[in-house]
Structure formats: structure tokens, C-alpha cells
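The values are calculated or read from the model by the stated rules, or taken from the named source; none is laboratory data. This one's a predicted model, so the numbers in the text were calculated from it and none came from an experiment. Here the Cβ is made from the backbone with ideal geometry for all residues, glycine too, and neighbour counts use every protein chain on show. Just the protein is used for accessible areas: all its heavy atoms, side chains included, with ligands, DNA and RNA removed. Shrake-Rupley method; radii C 1.70, N 1.55, O 1.52, S 1.80 Å.
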Amino acid sequence: MNRDTLILAVHGTRDPHGTAVARTLARDVANLVSQPTRLAFADVRTPTVGQVAARTPGPLVVVPAFLASGYHVRTDIPHQLARAGRADAVVTPALGDHPAVLGTAVRRLDAAGYRPGDAVVLACAGTSDPHAGDELREAASRLSRRLAAPVEAGFIATGRPTVTERVAQLRERGHRRVAVAAWLLAPGLFHDRLAHTGADVVADPLCPAPAIARAVVARYHRAAIGQPA
């Protein structure tokens, strides 16, 4: 039986609600996987991924709870593991392309008041990594196909156009109602900003949601048995 420890790597936040959501996700993952599970932060808070990895013996699988493969996934987390002497750890892909994530985004939109025919902005934290930017735009395309409605990516912190700019652009094209789908895992400053974008509907973040925990576990299991995650 596999005994690889699962390290759930999340982006830290100073918002206590966001941290509580991260802890809930880690607890839900631990309940599902029935394997040693540790929560670690890639930024802002401790313990860091490197700190948790350094003090955890045996094989490690790190699942980045991120929605695109930007700096933290492609550079920061591997560097933290290397500095901790745990370059042997397996790092899975980010969660953004897992079908459960898209399904959760749709459910959040529906719960917020989305109506068929609304234009949609997929609100992403943003990235300066071109590869991650492509992933976010692909996520918007997948959501558009799922909803059969226009969906375009907008950025909250890094990148253009901003979510506010996207909302304005869609209205200029004649869309009377615009909804914002939050491509964010947890509440915090980034999600708070979406209330001021001029959208008619703003969906909640993706977590907590059982489907997201199941996506983390699926990444873990495939990595632990040596299959692409």
C-alpha cells in the first residue's frame, strides 16, 4: 500500500478566512486519501513547503493547489524542495485543468445568479508567466464551451486586461448582463476586489468544495503510482 506523504501546497494569505479554507481543504483531502497529509504554504505564511518537506521522512508527493502553472508551481516550489534536500519529491501539475475544477466554477456561477445568455469574465489572480497565461485563457475557453456563452479571462493583480476592463468591454459589445466567475480557490483580497468591477453577478471562490478535494486526491494517486497526473 502506498505510504507517500501528500503535501498540499497552497498560496498563503493574510486573510484568516482564506487560511481557514486552506485548512478545511487539507482536512477534506486527508479524510479522502487516508494517507499522511500535510498543509504547507508557498508564500506569505508558514510552514513553507520547504520546511514541511525537510521534516517529513519518506517519499513525498506535492500537490500544488494552484489553478495555473505559474511561478510558484514551476519555479518556487521546486526550489524550496531542492533547498530542503528533497529534490526527490514528486510535484504534480496544478489543478486548473482538472474537470472537477471547471464543474465547481459552473456551480458557483449558478449559485450566484448567473443566467443563460450572460457574458462571463473568468477572474484570475494573474501571472507574468506566458505558459500560465495560456492555461488561464484555455480555462476561459473551456468554460465558454461549457456554458455556450462568451467567456474571457480578466486579471485581478497581474496582467491585462483587468477584470473591470473586461466587464466594460463586454458591455460595450452589447451584453446587458455580465457575470464574473472567480478562478480563485479561497477568499481574500483578490476576491474582495471583484465586488467593485461593475459586474451584475460575482461568484464565490471555488473552495470549500468536495470536488476540489477529490481533484487533489486524484493528482496524488496518479503521481504516487508513477502515472502522469
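Below is a table of values for the structure above.
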{"item": "Residue 123, sole failed condition from (1) surrounded by fewer than 16 Cβ atoms within 10 Å (Cβ to Cβ); (2) closer than 19 Å to residue 171 by Cα", "result": "(1)"}
{"item": "The listed residue being under 16 Å from the mean Cα position of the chain (by Cα), aliphatic (A, V, I, L, M) and at pLDDT 95 or above, out of 168, 182, 186", "result": "182"}
{"item": "Residue match in the stretch 97-116 (condition: modelled with pLDDT under 95, of a type in the set (Gly, Ala, Ser), outside any loop (DSSP other than H, G, I, E, B) and open to solvent by less than 20 Å² (accessible area, probe 1.4 Å))", "result": "no"}
{"item": "Residue in the stretch 30-45 that is touching a strand residue (DSSP E or B) at 6+ places or on another chain (Cβ under 8 Å), part of a helix (DSSP H, G or I) and either modelled with pLDDT of 95 or more or of a type in the set (Val, Ile, Thr) (or both) present", "result": "yes"}
{"item": "Members of the stretch 194-211 found to be over 16 Å from the mean Cα position of the chain (by Cα) and part of a loop (DSSP other than H, G, I, E, B), listed by number", "result": "197, 198, 199, 200"}
{"item": "Filter pass, residue 186 being in contact with a helix residue (DSSP H, G or I) (Cβ under 6 Å, 6 or more places away or on another chain), surrounded by 18 or more Cβ atoms within 10 Å (Cβ to Cβ) and in a loop (DSSP other than H, G, I, E, B)", "result": "yes"}
{"item": "Complete set of residues in the stretch 53-93 that are over 20 Å from residue 22 (Cβ atoms), assigned to a loop (DSSP other than H, G, I, E, B), open to solvent by 50 Å² or more (accessible area, probe 1.4 Å) and in contact (Cβ under 8 Å) with a residue 40 or more places away in the chain", "result": "59"}
{"item": "Residue that is nearest to residue 193 (Cα to Cα), among those in the stretch 150-175 that are outside any helix (DSSP H, G or I) and touching a Phe, Trp or Tyr at 6+ places or on another chain (Cβ under 9 Å)", "result": "156"}
{"item": "Failed criterion for residue 135 (all others in (1) in contact (Cβ under 8 Å) with a residue 12 or more places away in the chain; (2) open to solvent by 70 Å² or more (accessible area, probe 1.4 Å); (3) part of a helix (DSSP H, G or I); (4) acidic (Asp, Glu) hold)", "result": "(2)"}
